[in-house]
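The next block holds one structure in the form of structure tokens; read it before the comments.
Derivation of every value follows stated rules applied to the coordinates shown; laboratory data play no part. None of the values given here were measured: they were computed from a predicted structure. Here the Cβ positions follow ideal geometry from the backbone for every residue, glycine too, while neighbour counts run over all protein chains shown.
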Amino acid sequence: MKKVFFLFVLVALSACKKDDTTTELTFVKPVHFPEPTYKFENNRITRAGFELGRILFYDGDLSRDGSISCGSCHLQSAAFTHHGHDVSHGIDDRIGSRNAPPVMNLAWGKTFFWDGGVHDLDLFAIAPIENPLEMDETFANVVSKLKKKAVYPPLFQKAFGTTEISGPLVLKALSQFQLMLVSAESRYDKFRLGDTNALTADEKTGLELVKTKCGNCHAGELFTDDSFRNNGIQHFGDKGRFRITLNDDDAYKFKVPSLRNLQYTAPYMHDGRFLTLDAVVEHYRKGVRQSPNIDPSVSNGISITDDEKQKILTFLSALNDENFIRNKEFSEQ
Ligand code: HEC
Ligand code: HEC
């Protein structure tokens, strides 16, 4: 009797598994997060679409010579940044101009890149593919290379009901994978959801300090208000948001980054100039430089005592989400 029951469970399980490829994979909005900005109705996430997106994300054939995948610069162990690189290195070890930001919580992104140069996640992948310093390939050629790989037609069939590989479907699959890269399981999140013991007393004080001293820009549950600001670092050639809008009022403004997962994403700022969080906080205390469009909230520096600094740093460590960097679903299979 027991055996029969066991067999039944096995059969049921394998049936489930088969079904999994066609069923929707649920994108779960963490309850304390705002509504996502991504229009899911145009690109329903399915398990097959997500899995196809994952294979594409780790496929070197998206680059000219097969050597660089999206995952080469966005490493899961580094919360999908390019660990150890101030500015990222691409094909032929060509050096880019900016630090790779984490690929996380993109469903809430209003714009992408440090300067907000891309608005639509479903068009995003063309930019790194065609960037001569990154993957140096044409998107059309990527599509024709994928068509020649035997693995793909059945995967597109499962994901989109067609073996015809097209640019828009490649982009949709990549979006599906990236949208699922949700990071919301830090100790801070547990605290937010009611576990009052998830943070120490110092971390709770640190949270309040971050809210009052940094929350003007690193606001809300994502710890960014998605605006563009000049936070008073010394600026060299890169004029940030100005490159996109050509409006002088935008010169030296960069997108406010999230404060989540900082332990894994060093170095910091758009050009990776700071190696430690200590150096970042020191910048806000004592290192602010005047330049056009500096944000009024930092133009005189932010007053932070030594004790407050320690508590801020302690709190920031409660924003690290180990499950995010260990989740096998997000890894190259
Ligand atoms: C050579 C390294 C490199 C490769 C390869 C690469 N990226 Fe990036 N990625 C970067 C850098 C650097 C930035 C920031 C560029 C900027 O802001 O100007 C970035 C930014 C991003 C962002 C924006 C995140 C945000 O919050 O604004 C996403 C999403 C992203 N990459 C996804 C991808 C995908 C998908 C691929 C593959 C098609 C890819 N990247 C390939 C280095 C790379
Ligand atoms: C005026 C708005 C503003 C305030 C206030 C502010 N920041 Fe920032 N922060 C930014 C911007 C903009 C950047 C990105 C700047 C760049 O790369 O050029 C940034 C970058 C950072 C980074 C780097 C993150 C990364 O992924 O590279 C950290 C860490 C950081 N800020 C922490 C803090 C802390 C802690 C405070 C409070 C003590 C604070 N910030 C206050 C706007 C602000």
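Numbers at a glance
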{"quantity": "5 angstrom amide H check on Leu75, placed H, neighbours 5+ away", "calculated": "Phe80, Thr81, His82, His83"}
{"quantity": "Ranked His119, His83, criterion: other C-beta atoms within 10 Å, fewest first", "calculated": "His119, His83"}
{"quantity": "Share, in percent, of DSSP beta bridges within the chain that are antiparallel, nearest 5", "calculated": "80 percent"}
{"quantity": "Relative exposure of Arg187, Arg285, judged by other C-beta atoms within 10 Å (fewest first)", "calculated": "Arg285, Arg187"}
{"quantity": "Rg in Å to one decimal, and Dmax rounded to a whole Å, for the stretch 24-183 via C-alpha atoms", "calculated": "15.2, 44"}
{"quantity": "Per residue, the convex hull volume that the Cα atoms of the chain enclose (Å³)", "calculated": "153 Å³"}
{"quantity": "Karplus (6.51, -1.76, 1.60) ³J(HN,Hα), θ = phi - 60°, over the stretch 33-50, in Hz, Gly and Pro reported as x", "calculated": "7, x, 5, x, 8, 5, 8, 5, 5, 8, 7, 4, 7, 10, 4, 5, x, 4"}
{"quantity": "Calculated P(r) of the stretch 187-323 - Cα pairs past 26 Å, %", "calculated": "23 percent"}
{"quantity": "Simple spin-label estimate for Asp92 and Arg326 in nanometres, 7 Å along Cα-Cβ", "calculated": "4.2 nm"}
{"quantity": "Relative contact order (%) - criterion: Cα under 8 Å, at least six apart; region: the stretch 122-171", "calculated": "31 percent"}
{"quantity": "Ranked list, fewest to most other Cβ atoms within 10 Å of each Cβ, for Ile302, Ile129", "calculated": "Ile302, Ile129"}
{"quantity": "Rounded Å value of the spacing that divides the Cα centres of the stretch 246-270 and the stretch 141-194", "calculated": "26 Å"}
{"quantity": "Using alpha-carbon coordinates, inclination of helix 167-179 to the longest axis of the chain, degrees", "calculated": "60 degrees"}
{"quantity": "Positive-pole candidate from Tyr152, Ala100, Phe33, dipole of the chain, charges at beta carbon", "calculated": "Tyr152"}
{"quantity": "The chain: angle of helix 2-20 to the longest principal axis, Cα-based, in degrees nearest 10", "calculated": "70 degrees"}
{"quantity": "Mean Cα-pair separation over length for the stretch 24-183, i.e. relative contact order, pairs under 8 Å, 6 or more apart, %", "calculated": "29 percent"}
{"quantity": "The chain, relative contact order [Cα under 8 Å, separation at least 6], %", "calculated": "20 percent"}
{"quantity": "Electrostatic dipole magnitude of the chain [Cβ: Lys, Arg +1; Asp, Glu -1; Cα centre; debye, to 20]", "calculated": "740 debye"}
{"quantity": "Semi-axis lengths (Å, descending) of the ellipsoid that matches the C-alpha gyration tensor of the stretch 62-106", "calculated": "17, 13, 8"}
{"quantity": "Nearest 10 degrees, 0 to 90: helix 201-213 Cα axis against the chain principal axis", "calculated": "70 degrees"}
